[in-house]
Amino acid sequence: MTARLRVAVLFGGRSGEHEVSLRSAESVARGLAQRHDVLCVLIDRAGRWLLQPGPRPEGSGGEPVFLTPSPTDGGRLRRLTDAAELARPDVFCPVLHGPYGEDGSVQGLFELAAVPYVGAGVAASGVSMDKAMMKALFSRDGLPQVEYRVLLARDPLEERQTLDALGLPVFVKPANLGSSVGVGRAASAEAFGVALDAAFEYDRKVVVEEGVDAREVEVAVLGNDDPEASAVGEIVPDREFYDYDSKYADDSRTELLIPAPLDPATTREIRRLGVAAFRAVDACGLARVDFLLERSSGRMLVNEINTMPGFTSISMYPRLWEASGLPFAELLDRLVALALDRHSRRARLRTDYGP
Ligand SMILES: Nc1ncnc2c1ncn2[C@@H]1O[C@H](COP(=O)(O)OP(=O)(O)O)[C@@H](O)[C@H]1O
Ligand SMILES: [Mg+2]
């Protein structure tokens, strides 16, 4: 167990997953508060950092603050107007999903400021957010995946070749989003065009995948250089695929099965592949690895890695650890300890060069 620390929970963020982050942050703050002093920093939709007075994250309000990129300032949160010191967190915990939070940008600021933070570093966050890069790294390490193509613009010839190679249906996804935003399934050439237009509204880069009829299973990974995999869970979406509403709508009937009803050999292989995916992107701290398990063939296909998975008390990541014998508050404590461990190792590295 770590000593009592001041942990700054950053939440909200300039992304389509702002609301989801609020929900994750509520439970993270509550869990952390059992052992630590929690500071809540709302990043509003405009990107302002607002330090809130209490230990519970609120959807609005707070004193505008900033963190300087200078390591000499010790990670202080300073009031925007007069630079007065308002707080000095020991650890930062970015409970942010999607662009500007999970993609390496806020991690870059933490690196510059030389403060410990929970989760993956700059490069691992960036490549995990970008489905095209993520897939390239997975294939470099020989991980099984669906067939896919990356498109940068509407182009009739390339689109025809893509459908010839992948067949129908296909899944069309903006490369850099999450929570199924902009993801479409197309079962005809016309629908493919519509899905591409929709995806290009969100990103300059679009990934097109062979659509498979599959069960969806997920594993939670925890650790730094020696990561461990949790029990395996299964998502049973309440509609054709696991879209935004089936993930978050209050009336969603999507079910989580923990543990997933799988034979022991499949469970073992999913856990092994989860750790391999974590290593493939060089993740740190935590990640949830999602799989498609093709019904007809039993093929286990890595779908994606999320370096800041949903973290409400009913989210898959904490529930998988709970089922593996690690309660919520202890899980958070482990994440804080992993952040400190990584930070102290990095601080010992040489930054000079010479004889
Ligand atoms: N190639 C595919 N074949 C079948 N279903 C898919 C495929 N890709 C995605 N899906 C469905 O779409 C959902 C969202 O896709 P995903 O790649 O996980 O996007 P996100 O990063 O937004 O969560 C998945 O949970 C799954 O239900
Ligand atoms: Mg997903």
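Only the coordinates and a few stated rules stand behind these numbers; no lab work does. Being a predicted model, the structure only gives us computed values, none of them experimental. All Cβ positions, even for glycine, are placed from backbone atoms using ideal geometry, and neighbour counts span all protein chains on display.
So the values come out like this:
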{"read-out": "Kirkwood-Stokes translational diffusion coefficient of the range 68-109, alpha-carbon pairs, 25 °C, 0.890 mPa s, µm²/s", "value": "211 µm²/s"}
{"read-out": "Burial ranking of peptide ranges 24-32, 65-73 (average Cβ count within 10 Å, highest at the top)", "value": "24-32, 65-73"}
{"read-out": "Trypsin sites (Lys or Arg not before Pro) within the range 187-230: DSSP coil, no more than 11 neighbouring Cβ in 10 Å", "value": "Arg204"}
{"read-out": "Globularity index of the chain, i.e. its alpha-carbon radius of gyration over 2.2 N^0.38 Å", "value": "1.00"}
{"read-out": "Of Leu39, Leu152, Leu143, the one that fluctuates the most in a GNM where the chain has Cα springs shorter than 10 Å", "value": "Leu152"}
{"read-out": "Gyration tensor (alpha-carbon) shape descriptor, the range 1-117, a/c threshold 1.5", "value": "rounded"}
{"read-out": "Acute angle (nearest 10 degrees) that the helix 189-200 long axis makes with the longest principal axis of the chain, alpha-carbon atoms", "value": "10 degrees"}
{"read-out": "The range 147-210: equivalent-ellipsoid semi-axes (sqrt of 5 x gyration tensor eigenvalues, Cα, Å)", "value": "16, 12, 10"}
{"read-out": "Helix 264-280 axis, angle to the chain major axis (alpha carbon atoms, nearest 10°)", "value": "60 degrees"}
{"read-out": "Straight-distance crosslink candidates among lysines, where the alpha carbon sits under 17 Å from Lys247 and sequence neighbours closer than 8 are dropped", "value": "Lys173"}
{"read-out": "Most fluctuating residue given options Pro57, Pro156, Pro174, as computed from a GNM of the chain linking Cα atoms under 10 Å", "value": "Pro156"}
{"read-out": "Structure-based [θ]222 nm, the chain - -39500 (n - 2.57) summed over DSSP H runs of at least 4, per residue, nearest 500", "value": "-10000 deg cm²/dmol"}
{"read-out": "Extended-chain gain in nm, criterion 0.36 nm per residue less alpha-carbon gap, Asp282 and Glu190", "value": "29.2 nm"}
{"read-out": "Stretchable slack from Leu80 to Leu168, in nm (0.36 nm times residue separation minus alpha-carbon distance)", "value": "26.4 nm"}
{"read-out": "Order by protection proxy (mean Cβ within 10 Å, highest first), peptides 111-120, 242-251, 84-93", "value": "111-120, 84-93, 242-251"}
{"read-out": "Peptides ranked, highest mean first, by Cβ atoms within 10 Å: ranges 252-264, 216-228", "value": "216-228, 252-264"}
{"read-out": "Net charge dipole size for the chain [Lys, Arg +1 and Asp, Glu -1 on Cβ; Debye, nearest 20]", "value": "1100 debye"}
{"read-out": "Length released on extending from Val122 to Arg45, taking residue separation times 0.36 nm less the Cα-Cα span", "value": "25.5 nm"}
{"read-out": "Per-selection metrics, the range 214-307 (Cα): Rg and Dmax in Å", "value": "13.4, 40"}
{"read-out": "Least to most buried among Arg6, Arg239 (fewest other Cβ within 10 Å first)", "value": "Arg239, Arg6"}
{"read-out": "The chain: angle of helix 18-32 to the longest principal axis, Cα-based, in degrees nearest 10", "value": "50 degrees"}
{"read-out": "Residues Ile235, Ile270, Ile314 arranged by fewest to most Cβ contacts within 10 Å", "value": "Ile314, Ile235, Ile270"}
